[in-house]
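Below is one structure, written out as structure tokens, with a few remarks after it.
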Amino acid sequence: MQDQITSVRETLNRDEQFAALAQVYLELHLPLHLALEAARADLRYLAGSASIAEAA
């Protein structure tokens, strides 16, 4: 499962990741401004976790 997540994350560029995350939050019925804010926060988290994984 982790390999699938890694390959998907590598194939999507940053804008596509942001759009996908925002779409998930919109489907959960968050207001647009909160969905965008949550997507930005998660994208920063995902970028940080990739850096940590590479360092290990």
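Here, each number is a calculation from the coordinates, and none is a lab measurement. For clarity, every value in this text was computed on a predicted model and none was experimentally measured. Note that we place each Cβ from the backbone using ideal geometry, even for glycine, and neighbour counts take in every protein chain shown.
Just a few scattered comments:
- Couplings for segment 16-26, taken from phi via the Karplus curve 6.51 cos²θ - 1.76 cosθ + 1.60 with θ = phi - 60°, read 5, 4, 4, 4, 5, 5, 4, 4, 4, 5, 5 Hz in order; Gly and Pro are left as x.
- Protection-proxy order for peptides 37-46, 17-26, each taking the mean of Cβ atoms within 10 Å per residue, highest first: 17-26, 37-46
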